[in-house]
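Q: Quick one: structure below, then a few questions.
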Amino acid sequence: MAHRPLKFSAIAHSDEEVHLMRIVTGTISHETNVLSTIRTDLEQFRKRRLLYGEEVFDYHRGTRTPVGGLMDGCERHGFELVPTVFASATPSGRITAEAFDALLDGILEGIRGAGQVDGVALHLHGAGVSENHDDIEGHILSEVRRQIGDRPLVCTLDLHANNTRLMVESADVLIGYDTYPHVDGYERGLEAIDVLARLLDGNLKPTKAFRQPPMMPALQAQFTGRYPMSRLMEEAHRMEEAEGVETITVAAGFPWSDFEDVGLSFIVTTNNDQGLADSLAEELVELAWGMRRDFLVRPMPVKEALRKVKRSESGPFILADIGDNPGGGAPEDGTVVLKAILEEGLEGGVISVMWDPEAVEAAAGAGAGGGVSLDLGGKTDDLHGRPLRVMATVKMISDGRWIVKGPMGTGSEADMGRTAVLLVGGNEVIVTSKRLQPTDLQLYRSLGIEPTERRFIVVKSSVHYRAAHEPIAKEVIELDTPGLTSPRLAGFGFKRLRRPIFPLDLELMGITELKTMEEE
Ligand SMILES: [Zn+2]
């Protein structure tokens with residue numbers, strides 16, 4: 001977390017043998033929702049982003065992303081960075097064994113082929129599950145470790161990482177994001193290279209403490225912009241100021257990976273002081289446990305929220321369809337909120353977005369200005385509402401590509417696939433061919449929609465929408481919608497979590513006096 005000044009030499013000290021430090025990088029990024037019916041094969045990675053060799057740098061150069069940070073960090077230190085594989089898929093079901101093995105082989109072969117390698121700096125997500133490994137990051141890091149021996153290995157991770165002992169033991173230093181919405185990926189990439197430089201110089205002898213309190217917060221409770229997550233982050237940052245503390249990772253975890261290491265975890269890395277690492281990690285566990293009841297989430301019933309919008313003269317209200325967040329593996333074709341909007345006769349809003357490639361094709365067939373009758377959404381499973389029969393006017397068809405201008409992944413290219421804007425009951429429904437969480441206002445502006453002028457915007461997102469949408473919101477309301485990313489965690493029938501765990505085992509946790517939404 002702490003960003004250290006660049007005061008360490010990168011180059012070998014003998015003038016005769018100036019050797020550019022050679023660092024290899026690779027990424028396999030997937031947040032796996034094992035309940036999703038979408039199988040994650042290589043095609044799913046290709047749909048989002050699958051890059052090899054120089055393509056990795058061509059895409060990330062100049063972007064405020066983790067890999068952009070690794071690139072700039074290496075440039076600052078005078079290190080040579082060697083790309084291998086960058087693979088990222090929209091959250092979905094288990095990664096096929098074939099796809100996972102192929103991607104990992106790509107990284108391992110890349111390291112072998114890079115000649116004399118001085119260190120490795122990976123960017124992984126931390127909540128990936130494949131058909132053959134529950135803990136893909138532990139497997140990746142341990143395989144890389146096997147290949148590079150005792151040379152430095154650092155890795156940046158998402159805030160949703162379900163960290164494991166194998167991950168902590170395999171890498172020298174793990175560095176997780178500090179933010180959700182994730183707006184510090186670039187800074188963590190820079191930090192990883194600073195840490196790597198200290199390892200290469202012999203100035204850092206990492207001693208680590210890893211703790212997993214029995215807590216599994218819902219996504220909405222992981223928002224770092226408000227209590228209680230903000231409190232945990234502040235405390236971790238305060239601790240990092242102390243002498244001998246290198247970096248602290250607070251990871252909130254991802255429940256839908258459904259295995260024993262799911263949930264909140266802390267990794268405290270100190271410089272050659274195991275006792276200090278242990279005692280700080282214990283303090284964080286105690287702090288989190290003491291705040292556990294504040295990690296419960298209470299969203300608003302959909303109709304109540306819509307009536308509130310109706311009563312108001314101004315907007316935009318940002319209505320978060322938190323149950324249908326593709327960023328957590330939900331399909332993004334849920335119809336529950338749109339159906340309620342039409343029933344209420346509410347107009348002047350935007351639905352951001354509805355994933356329905358069939359509907360896009362039908363709209364494209366009718367062309368801009370044309371009318372279509374179609375069954376919209378609700379096609380992936382039966383958890384997110386049924387297909388909705390609508391009469392729509394096609395407002396426009398777009399290629400669905402635009403450049404991110406907001407704080408999340410600034411400068412990178414977003415790709416929603418062919419996209420249609422449909423007018424349905426006086427509302428604009430953005431229908432896409434690819435699943436993409438609405439995290440940036442450019443999404444609207446690329447389609448000629450000025451978001452600040454709309455009465456309300458329904459975003460299919462748990463927390464990430466906040467970074468760009470909060471600044472323009474009259475009010476943000478979390479809707480109590482059904483779906484694969486609902487905070488009603490007890491309803492999912494998770495089978496392989498470690499138990500007891502909050503918030504599923506309340507009696508065991510001494511929270512008997514509190515009636516929660518899980519029981520309502
Ligand atoms: Zn995340």
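Q: Angle check, please: helix 302-311 long axis (alpha carbons) against the longest principal axis of the chain (alpha carbons), in degrees 0 to 90, nearest 10.
A: 70
Q: Between segment 282-314 and segment 461-480, how many Å separate their Cα centres?
A: 12
Q: Here's something else I'd like to know. Can you give the calculated 222 nm mean residue ellipticity of the chain, where each DSSP H run of n ≥ 4 adds -39,500 (n - 2.57) and the sum is split over every residue, rounded to the nearest 500 deg cm²/dmol? Don't skip to the answer; put the middle values down first.
A: Values: 14 runs with 143 residues, N = 520.
Per the formula, -8000 deg cm²/dmol.
Q: Mind running the shape call on segment 371-520? Use the C-alpha gyration tensor, a ≥ b ≥ c as the square roots of the eigenvalues: rounded below 1.5 for a/c, prolate if a/b tops b/c, oblate otherwise.
A: On the way: a/c = 2.25, a/b = 1.73, b/c = 1.30.
Judged from the Cα gyration tensor, segment 371-520 comes out prolate (a/c at least 1.5, a/b above b/c).
Q: GLU54 to ASP505: extension gain in nm, 0.36 nm per residue of separation minus the Cα-Cα distance? If you can, show how the numbers build up before the last one.
A: Details: separation 451, 0.36 × 451 = 162.36 nm, distance 4.88 nm.
Fully extending the segment from GLU54 to ASP505 adds 157.5 nm.
Q: Taking R0 as 35 Å, what's the FRET efficiency between ARG298 and GLU260 from their Cβ-Cβ distance, rounded to 0.05?
A: In this case the efficiency is close to 0.80.
Q: Continuing with this model, one more query. How much length, in nm to one decimal, is gained on full extension between ARG22 and ALA368, taken as 0.36 nm per residue of separation minus their Cα-Cα distance? Spell out each step's value before the answer.
A: On the way: separation 346, 0.36 × 346 = 124.56 nm, distance 5.28 nm.
Full extension from ARG22 to ALA368 adds 119.3 nm.
Q: Still on this model: Using the Cα gyration tensor of segment 87-174, with a ≥ b ≥ c the square roots of its eigenvalues, what is the shape: rounded (a/c below 1.5), prolate (a/b larger than b/c) or oblate (neither)?
A: Numbers: a/c = 1.92, a/b = 1.34, b/c = 1.43.
Verdict is oblate for segment 87-174.
Q: Could you give the size of the charge dipole of segment 157-239 about its Cα centre, using +1 on the Cβ of each K and R and -1 on the Cβ of each D and E, expressed in debye and rounded to the nearest 20?
A: Values: 9 positive and 11 negative charges, 69 e Å.
That gives segment 157-239 a dipole magnitude of about 340 debye.
Q: Here's something else I'd like to know. If R0 is 41 Å, what FRET efficiency do you get for GLN147 and GLU347 from their C-beta distance, rounded to 0.05?
A: Details: r = 59 Å, r/R0 = 1.45.
Efficiency computed from Cβ-Cβ geometry: 0.10.
Q: Continuing with the same structure: Looking at the square roots a ≥ b ≥ c of the eigenvalues of the Cα gyration tensor of segment 91-234, which shape do they give, rounded for a/c under 1.5, prolate if a/b is larger than b/c, or oblate?
A: Because a/c hits 1.5 or more and a/b fails to exceed b/c, segment 91-234 counts as oblate.
Q: OK, next. Size of the dipole of the chain about the Cα centre, Lys and Arg at +1 and Asp and Glu at -1 on the beta carbon, nothing else charged, in debye to 20? Mind dumping the intermediate values first?
A: Details: 55 positive and 79 negative charges, 292 e Å.
Result for the chain is approximately 1400 debye, rounded to the nearest 20.
Q: Rounded to the nearest 0.05, what FRET efficiency is calculated for MET291 and ARG496 with R0 set to 25 Å and r the Cβ-Cβ distance?
A: Details: r = 26 Å, r/R0 = 1.04.
The value I calculate is 0.45.
Q: Ok, one more. Between beta-carbons, use under 11 Å as the cut-off and find the net charge around ARG22, counting Lys and Arg +1, Asp and Glu -1.
A: Details: positive: ARG151; negative: GLU80, ASP118.
Here the charged neighbours net out to -1.
Q: Name the residue farthest towards the positive end of the dipole of the chain from the options MET396, LEU489, ALA288, assuming +1 on Cβ of Lys and Arg, -1 on Cβ of Asp and Glu, about the Cα centre.
A: My answer, from the dipole projection, is MET396.
Q: Specify the angular offset, from 0 to 90 degrees and rounded to the nearest 10, of the alpha carbon long axis of helix 229-240 from the longest principal axis of the alpha carbons in the chain.
A: 20
Q: Please give every one of the lysines within straight-line cross-link reach of LYS310, meaning a C-alpha to C-alpha distance under 30 Å, and leave out same-chain neighbours fewer than 8 residues apart.
A: Within the straight-line cut-off, LYS310 pairs with LYS339, LYS379, LYS395, LYS460, LYS474.
Q: How many nm separate the modelled label positions at GLU475 and SER230, each set 7 Å beyond the Cα in the direction of the Cβ?
A: Roughly 1.9 nm, to one decimal.
Q: For LEU141, what is the net charge nearby, where nearby means another residue's Cβ is under 15 Å from its Cβ and Lys, Arg count +1, Asp, Glu -1?
A: Numbers: positive: ARG145, ARG146, ARG151, ARG165, LYS208; negative: ASP134, ASP135, GLU137, GLU143, ASP150, ASP158, GLU169, ASP172, ASP261.
Net charge in that neighbourhood comes out at -4.
Q: Helix 274-290 versus the longest principal axis of the chain: what is the Cα-based angle in degrees, 0 to 90, to the nearest 10?
A: Around 20 degrees separate the two axes.
Q: When ligands, DNA and RNA are left out and all protein chains stay put, how many square angstrom of accessible area per residue does segment 125-169 have with a 1.4 Å probe?
A: Values: 1380 Å² over 45 residues.
Solvent-accessible surface per residue comes out at 31 Å².
Q: Net charge near HIS237, counting Lys/Arg +1 and Asp/Glu -1 over other residues with Cβ under 12 Å of its Cβ?
A: Values: positive: ARG231, ARG238; negative: ASP178, ASP184, GLU234, GLU235, GLU240, GLU241.
Summing Lys and Arg as +1 and Asp and Glu as -1 gives -4.
The values are calculated or read from the model by the stated rules, or taken from the named source; none is laboratory data. As the structure is a prediction and not an experimental result, all values here were calculated from the model. Cβ atoms come from the backbone with ideal geometry, glycine included; neighbour counts cover every protein chain shown. To get the accessible areas, we keep the full protein, side chains included, count just its heavy atoms, and leave off ligands, DNA and RNA. Shrake-Rupley method; radii C 1.70, N 1.55, O 1.52, S 1.80 Å.
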